[in-house]
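Colleague: Following this message is one structure expressed as structure tokens.
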Amino acid sequence: MRTHYCGHVNAAHVDQIVTLAGWAHRRRDHGGVIFIDLRDREGLAQIVCDPDRADMFKLAEDVRSEFVLKITGKVRRRPAGTENPNLPSGEIEILCHELEVLNVAVTPPFQLDEDNLSENVRLTHRVVDLRRPQMQKNMMLRYKTAMAFRRFLDKNGFIDIETPMLTKSTPEGARDYLVPSRVHDGQFFALPQSPQLFKQMLMVAGFDRYYQIVKCFRDEDLRADRQPEFTQVDIETSFMGEDQITAMMEELISTVFREALGAELPSPFPRMTYAEAMSRFGSDKPDLRVTLELTDVTDAVTDVAFKVFSGPATSGGKVTALRVPNGGALTRGEIDGYTEFVKIYGAKGLAYIKVNDVTQLNETGLQSPIVKNIHEQALKTIIERTGAQNGDLIFFGADKTKIVQDALGALRTKLGHEKGYTNGKAWEPLWVVDFPMFEYDEEAKRWSACHHPFTSPKDGHEEFLKTDPGKCLAKAYDLALNGWELGGGSVRIHKADVQSKVFDALGISAEEQQLKFGFLLDALKYGAPPHGGLAFGLDRIVTMMTGAESIRDVIAFPKTQRAQCLLTDAPSAVDEKQLRELHIRLRNTTAPTA
């Protein structure tokens, strides 16, 4: 029906006859001459409707926004001074010879160039929202990104293998989405949180390089960078170690950014242990564009009179300082605002010291209500370790280690971007390695896996599985970029006896191991190769590339933060007949009648 996309017609086509099809983006009547901006996925083309062609002009008079049109006309240069340098087609216009209205449209709920639309309105009318130029660009970039992944992986010998959507419920962290079985009364499938177990079994089956761009499902609390269903670029390979895998994945992600976005990531990516990242930045995915760093001063304040510091310092907690260069200029109102901010992360408050004169380690040189309760040696150590100078401000976090790191890590990033403590670089990638294998769940009084229970311990750390799981480090690695986790993975356990020891450390009994993971443990007995992999979050990567605030802006049909689809009104009630077929009876609610 057309010879060209609207956005592809340019000065090279002058004097040619073209046929275009698309939507009426805008119609303007200029005293007898009608201009229509015709839009398709590739851009806009200006159509000129002259009254000399009466039948065509009469149709043009009735065209309204979002009508679907087909036009045939002659390409000509725009009159001098009327060119639009912001459009690929901005040098030309098309003198319409024939106009056909393929379909009419009701008035849309909003104009496509309207700003400050509420997200609920956009998601309710998502089909119209997706026509907006920015959303069209986002979806096209997502496609280009996915294709860049595929080209690299295909070139390097990875093959795309599908894994099941209906599978077994296994304890992997988040809650499963469950699907009742009509055939097997009282039994359920689970939607996969990831293809983790299946890709490991594919390695055992001899498919040594696997990948899949796949949907994953997790029934967890949502936020801007989470969705109940999300897309992973899932990758697994055999006969490669941790360094080889990360080197290949580094080349992959650099290639993807270059091909899809035209951006060059710095190479090689720096590497940092999890312990160092948490100590210096309070985050396992630090934004290295921010130049501020945390400083541990726990040992310096164990005997100070200020109990807010000495309490955590002597009971297994942490006291950490964050130096803000020239931060003495912060107003009391700004400090109060940052104090409220850290409370989001569980902090009870935010102590601070304004440094007026580093030569006077007392209330004269150091301005703060806490200085009188901290002895001179402690103050000296704090100043020396932080490198504070006159005019600086030092913030402090004092509490359980996790609270301090979460609160000051978030404050570091917020301050850095709000007050300009950044290095000016566009992209700062980082490999974070040597993660702890386990973390202790105080509530459940048991160890839980930091990544997942199939991650291999570091060589020589197997002995800690029984004696001290907290000391056990994993062959796990995450790739962070500008404070976002792009992807994470690990070398997997390929020996059944080691896998059983990990389950033992997690308090999973032999019976439960067999019940939940028997199929994997059995597969590992049949000559499993050393293997490992990584999964990239496609939604997050494209969100970063577009600069969007939420991954909902790069997903065609996303859910809200309450896990609802406003377009289709899902989830929704089902009738009693469907429930009976699934052997389900609802409690504490009224089921709809058939």
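The values are calculated or read from the model by the stated rules, or taken from the named source; none is laboratory data. On a predicted model such as this, the values are computed, not experimentally measured, just so you know. As a convention, Cβ positions derive from the backbone with ideal geometry for all residues, glycine included, and neighbour counts pool all protein chains shown. Areas reflect the complete protein model, heavy atoms only, side chains present, ligands, DNA and RNA absent. Shrake-Rupley method; radii C 1.70, N 1.55, O 1.52, S 1.80 Å.
Colleague: If you scan the range 393-423, which residues turn out to be of a type in the set (S, T, N, Q) and assigned to a strand (DSSP E or B)?
Modeller: Thr422
Colleague: Where the second residue is in a helix (DSSP H, G or I) and of a type in the set (Lys, Arg) and the first is within 15 Å of Leu567 (Cβ to Cβ) and free of Cβ contacts under 8 Å to residues at least 40 places away in the same chain and lies in the range 125-141, which pairs have Cβ atoms under 8 Å and are six or more apart or on separate chains?
Modeller: Once the first residue is within 15 Å of Leu567 (Cβ to Cβ) and free of Cβ contacts under 8 Å to residues at least 40 places away in the same chain and sits in the range 125-141, its partners that are in a helix (DSSP H, G or I) and of a type in the set (Lys, Arg) give Asp129/Arg122.
Colleague: With the condition being within 21 Å of Ile235 (Cα to Cα), I'd like the strands (runs of 3 or more DSSP E) fully within the range 175-223 carrying at least 1 qualifying residues.
Modeller: Details: elements: 178-180, 188-190, 209-217.
Answer list for the range 175-223: 209-217.
Colleague: Next question, about the same structure. Can you pull out every residue in the range 254-282 that is within 25 Å of Phe152 (Cβ to Cβ) and in a helix (DSSP H, G or I)?
Modeller: Scanning the range 254-282 gives Ser254, Thr255, Val256, Phe257, Arg258, Glu259, Ala260, Leu261.
Colleague: Could you tell me whether the range 446-461 includes any residue that is free of Cβ contacts under 8 Å to residues at least 24 places away in the same chain, under 30 Å from Ala528 (Cβ atoms) and acidic (Asp, Glu)? Before you say what the answer is, go through the steps one by one.
Modeller: Residues of the range 446-461 free of Cβ contacts under 8 Å to residues at least 24 places away in the same chain: 459-460.
If we keep only those that are under 30 Å from Ala528 (Cβ atoms) too, we end up with 459-460.
Among the residues that remain, those that are also acidic (Asp, Glu) are: 459.
So far as the range 446-461 goes, yes, one or more of its residues are free of Cβ contacts under 8 Å to residues at least 24 places away in the same chain, under 30 Å from Ala528 (Cβ atoms) and acidic (Asp, Glu).
Colleague: Looking at (1) aliphatic (A, V, I, L, M); (2) surrounded by fewer than 17 Cβ atoms within 10 Å (Cβ to Cβ); (3) part of a helix (DSSP H, G or I), can you tell me which one Ala426 breaks?
Modeller: Result: Ala426 passes all but (3).
Colleague: For the range 111-130, what are the residues that are touching a Lys or Arg at 6+ places or on another chain (Cβ under 8 Å) and either of a type in the set (Val, Ile, Thr) or outside any helix (DSSP H, G or I) (or both)? Explain how you work it out, then say what you get.
Modeller: Filtering the range 111-130 for residues touching a Lys or Arg at 6+ places or on another chain (Cβ under 8 Å) gives 112-113, 119, 123, 129.
Listed by number, the residues that qualify are Leu112, Asp113.
Colleague: Turning to a different aspect of this structure: Among Lys58, Lys74, which is part of a helix (DSSP H, G or I) and open to solvent by 20 Å² or more (accessible area, probe 1.4 Å)?
Modeller: Working: Lys74 fails: part of a helix (DSSP H, G or I).
Step by step, each of Lys58, Lys74 is checked, and only Lys58 is part of a helix (DSSP H, G or I) and open to solvent by 20 Å² or more (accessible area, probe 1.4 Å).
Colleague: Hey, can you tell me all the residues within the range 511-525 that are in contact with a helix residue (DSSP H, G or I) (Cβ under 6 Å, 6 or more places away or on another chain) and surrounded by 13 or more Cβ atoms within 10 Å (Cβ to Cβ)?
Modeller: Gln513, Leu520, Leu521, Ala523, Leu524
Colleague: Could you tell me whether any residue of the range 143-157 is in contact with a Leu (Cβ under 6 Å, 6 or more places away or on another chain), surrounded by 14 or more Cβ atoms within 10 Å (Cβ to Cβ) and over 23 Å from Ala570 (Cβ atoms)?
Modeller: Just the residues of the range 143-157 that are in contact with a Leu (Cβ under 6 Å, 6 or more places away or on another chain), to begin with: 152.
Subsequent filtering for residues that are surrounded by 14 or more Cβ atoms within 10 Å (Cβ to Cβ) retains 152.
Now narrow it down to the ones that are over 23 Å from Ala570 (Cβ atoms): 152.
Yes, because at least one residue in the range 143-157 is in contact with a Leu (Cβ under 6 Å, 6 or more places away or on another chain), surrounded by 14 or more Cβ atoms within 10 Å (Cβ to Cβ) and over 23 Å from Ala570 (Cβ atoms).
Colleague: Please work out which residue is surrounded by the most Cβ atoms within 10 Å (Cβ to Cβ), limiting yourself to the range 284-302 and to residues that are in a loop (DSSP other than H, G, I, E, B) and not hydrophobic (A, V, I, L, M, F, W, C).
Modeller: Checking each candidate, the answer is Pro286.
Colleague: So, of the residues in the range 332-358 that are under 16 Å from Ile394 (Cα atoms) and open to solvent by 70 Å² or more (accessible area, probe 1.4 Å), which turns out to be nearest to the chain's Cα centre (by Cα)?
Modeller: Arg332
Colleague: Among Gly488, Gly533, Gly483, Gly537, which is under 30 Å from Ser254 (Cβ atoms), touching a residue at least 24 places away in the same chain (Cβ under 8 Å), of a type in the set (Gly, Ala, Ser) and open to solvent by less than 10 Å² (accessible area, probe 1.4 Å)?
Modeller: On inspection, the qualifying residue turns out to be Gly533.
Colleague: Follow-up. Any residue at all in the range 432-444 that is open to solvent by less than 20 Å² (accessible area, probe 1.4 Å), charged (D, E, K, R), in contact with a strand residue (DSSP E or B) (Cβ under 8 Å, 6 or more places away or on another chain) and touching a residue at least 40 places away in the same chain (Cβ under 8 Å)?
Modeller: At the first step, the residues of the range 432-444 found to be open to solvent by less than 20 Å² (accessible area, probe 1.4 Å) are 432-433, 435, 437-438.
Next cut, charged (D, E, K, R) only: none.
No, the range 432-444 contains no residue that is open to solvent by less than 20 Å² (accessible area, probe 1.4 Å), charged (D, E, K, R), in contact with a strand residue (DSSP E or B) (Cβ under 8 Å, 6 or more places away or on another chain) and touching a residue at least 40 places away in the same chain (Cβ under 8 Å).
Colleague: Look at Lys215 and say whether it is buried (at least 16 other Cβ atoms within 10 Å of the Cβ), touching an Asp or Glu at 6+ places or on another chain (Cβ under 6 Å) and closer than 30 Å to Gln564 by Cα. Talk me through it step by step, then tell me what you get.
Modeller: Numbers: buried (at least 16 other Cβ atoms within 10 Å of the Cβ): no; touching an Asp or Glu at 6+ places or on another chain (Cβ under 6 Å): yes; closer than 30 Å to Gln564 by Cα: yes.
Taking the combined requirement at face value, the residue does not satisfy it.
Colleague: Related question: Considering only the range 97-129, state which residues are touching a strand residue (DSSP E or B) at 6+ places or on another chain (Cβ under 9 Å) and either small (Gly, Ala, Ser) or modelled with pLDDT of 95 or more (or both).
Modeller: His97, Glu98, Leu99, Glu100, Val101, Leu102, Asn103, Val104, Ala105, Leu123, Arg126
Colleague: Check every one of the helices (runs of 4 or more DSSP H) wholly within the range 492-584 and list those with 3 or more residues that are more than 24 Å from Cys216 (Cβ to Cβ).
Modeller: Working: elements: 496-505, 510-524, 538-546, 576-581.
Filter on the range 492-584 gives 496-505, 510-524, 576-581.
Colleague: Would you check if there is a residue in the range 43-62 being touching a strand residue (DSSP E or B) at 6+ places or on another chain (Cβ under 8 Å), basic (Lys, Arg) and modelled with pLDDT of 95 or more?
Modeller: no
Colleague: Report every pair of residues separated by at least 6 positions or lying on different chains whose Cβ atoms are under 7 Å apart, first residue within the range 254-273 and within 9 Å of Pro429 (Cβ to Cβ) and open to solvent by less than 20 Å² (accessible area, probe 1.4 Å), second assigned to a loop (DSSP other than H, G, I, E, B) and not charged (D, E, K, R).
Modeller: Ser254/Leu265; Ser254/Ser267; Leu265/Trp427
Colleague: Out of Asn373, Asn390, report the one residue that is in contact with a strand residue (DSSP E or B) (Cβ under 7 Å, 6 or more places away or on another chain) and open to solvent by 40 Å² or more (accessible area, probe 1.4 Å). Before the answer, list the steps.
Modeller: Values: Asn373 fails: in contact with a strand residue (DSSP E or B) (Cβ under 7 Å, 6 or more places away or on another chain).
Unique residue meeting the criteria: Asn390.
Colleague: A further question on this structure: Do we have any residue at all in the range 173-188 that's out of contact with any helix residue (DSSP H, G or I) (no Cβ under 7 Å at 6 or more places or on another chain) and among the acidic types (Asp, Glu)?
Modeller: Kept after step one, since they are out of contact with any helix residue (DSSP H, G or I) (no Cβ under 7 Å at 6 or more places or on another chain), are these residues of the range 173-188: 173-181, 183-188.
Those left that are additionally among the acidic types (Asp, Glu): 176, 185.
Yes, there is a match, as at least one residue in the range 173-188 is out of contact with any helix residue (DSSP H, G or I) (no Cβ under 7 Å at 6 or more places or on another chain) and among the acidic types (Asp, Glu).
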